[in-house]
1. Rounded to the nearest 0.05, what FRET efficiency do LYS267 and LYS404 give with R0 = 22 Å and r taken as the Cβ-Cβ distance? Could you check?
2. Roughly what % of DSSP beta bridges within the chain run antiparallel, to the nearest 5?
3. For segment 2-229, what relative contact order do you get, as a whole percent, if you take Cα pairs closer than 8 Å and at least 6 residues apart?
4. In Å, what Kirkwood hydrodynamic radius results for segment 34-131 from the alpha-carbon pair distances?
5. Each label point is 7 Å from the Cα along the Cα-to-Cβ direction; what then is the distance between the points at GLU322 and ARG36, in nm?
6. Straight-line reach from LYS454: which lysines have Cα under 29 Å away, leaving out those fewer than 8 places along the same chain?
7. Relative to the Cα centre, what is the charge dipole magnitude of segment 294-402, using +1 at the beta carbon of each Lys and Arg, -1 at the beta carbon of each Asp and Glu, and rounding to the nearest 20 debye?
8. Hey, what does the equivalent ellipsoid look like for segment 131-237, semi-axes from the Cα gyration tensor as sqrt of 5 times each eigenvalue, largest first, whole Å?
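Please treat every number below as a calculation from the coordinates, not as lab data. Computed from a predicted model, the values in this text were never measured in an experiment. Every residue, glycine as well, gets a Cβ built from its backbone with ideal geometry; the counts of neighbours run over all protein chains shown.
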Amino acid sequence: MTIHVAAIDLGASSGRVMLAKYYEDTKSIELKEIHRFPNGMIKKDGFDCWNLEAILENISHGLNLIDADGIKLDSIGIDSWGVDFVLLDKSGNMLGLPVAYRDDRTDGVPEKVFKLIPKEEIYSNTGIQFMKFNSLYQIKAIIDQNPEWLPQVDKLLLIPDYLHYRLTGKYSCEYTNASTSQLLNAQLRDWDPALEKVLDVAANWLQPITQPGTVLGKWTSPSGHHVKVIPPATHDTGSAIVATPLSTENSAYISSGTWSLVGVESKTPVTNPEALAANLTNEGGVEGTYRILKNVMGLWLVQCLQKEFCNLTFADLASLAENAEPFRYLINPNDDRFLNPASMREEIQAFCAETNQGVPTKPSELTRCVLDSLALYYRLVFEEVESVMERPIDSVHIVGGGSKNKLLNRLCADISQREVITGPTEASALGNIGYQLKGLGVLADLKAVREVIKHNFIGEHLSPHPVPQLEMQWQRFLTLCSHQTQMKKTEEVA
């Protein structure tokens, strides 16, 4: 029997409608990209926003193409980035465009929240890393900056929940994406009562939590076919890790794309002071798992450089970087200054100048600086996770679109001195598909999903090579990161 599943996989720079054919007798997956479309922020009333109507039009176009080919889908599911949300009125209509996490409206907002509830209590309850764009701070920004909106708001839906609502007319709040909000209690796996009280009126906007793989409703195709809509792990990292065939209990992962999500899988959350000091996050996974990880800025930095060097492709920049001098320039890639700068090139150059490294000018130098720095930061996260979890990391699985960057994969292996296994590239889409199959009753559990994906998508193994003066460069990188952190603290005091 053949099962047909559509996975809509949305990222900050692009979206895809993917069609999977799953053959039960051979446990094989045939994956086809039906429609790819660009995504990005647009300016609206001074805010950086998402154009969800354009996204919906592209989703519908892709699904309609499948229907026009005479394929009767068994299910549909959507995954996307986390934290961002839509506000609805009592009629279910969207109130304005959803503001994107890279917008600056949350500057200084976390500190306001910490006056209402201590930072340590927030972390102990939620286990989520502190990032100024978490949903908690976005909601607080709305309450403080736009109180006139409050009487109009009836519901808050995270991005994939809103898109599922538009397909089915049914409201939901899927667990893995809700966990990114910093509003969910890590132990209870439900909204945290203390934070609901802090938000006051906004607590009424929150929907009951549903688990991935739950049949939400049905979408009716142009030909009249009724298709089950089954939210997978709707946070794209959650779906990516579903599709990651972890080799051992001591394997780490990097979901590599616009962001790099670096961490390990755990059966329990870790919310102790050591985890707080490392700013590790405990995002909810499927079947009672947690993703103990840290967000690293990722290939966003190269994507921004590519826009400035518009005569060069992303692949061109990666190729040029291979021949550039390693470790000549380094940055702290997780510094907030790189979140959404007017010019990534100028921001990197300013960091290097401020830290007395000289100034990279060539595309090859700038790209190599980013890739070397990312790989060094990956090692930093591995060591933090090892310390907090009290268990070694012996291998690293790199999945997602960034796993096609051979230089970064090699740098990760060599700088961390750990074996690297790459793939699958389409991890988010495959995890989405796998958990829809679980929701359809075709696959039993997470273990079965991973076995099928491993059977169909074999990655490359990279053993670490020795790196001349690696420890010297490592110490230099740590010094650069601590220098910038100290400068930031000095500026905050001033």
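1. 0.10
2. The antiparallel proportion sits near 75 percent.
3. 19
4. Final number for the Kirkwood radius of segment 34-131 is 16.9 Å.
5. 2.0
6. LYS21, LYS27, LYS32, LYS72, LYS228, LYS267, LYS294, LYS404, LYS406, LYS438
7. On the way: 9 positive and 16 negative charges, 48 e Å.
In total the dipole reaches around 240 debye.
8. The equivalent ellipsoid of segment 131-237 has semi-axes of 27, 17, 11 Å.
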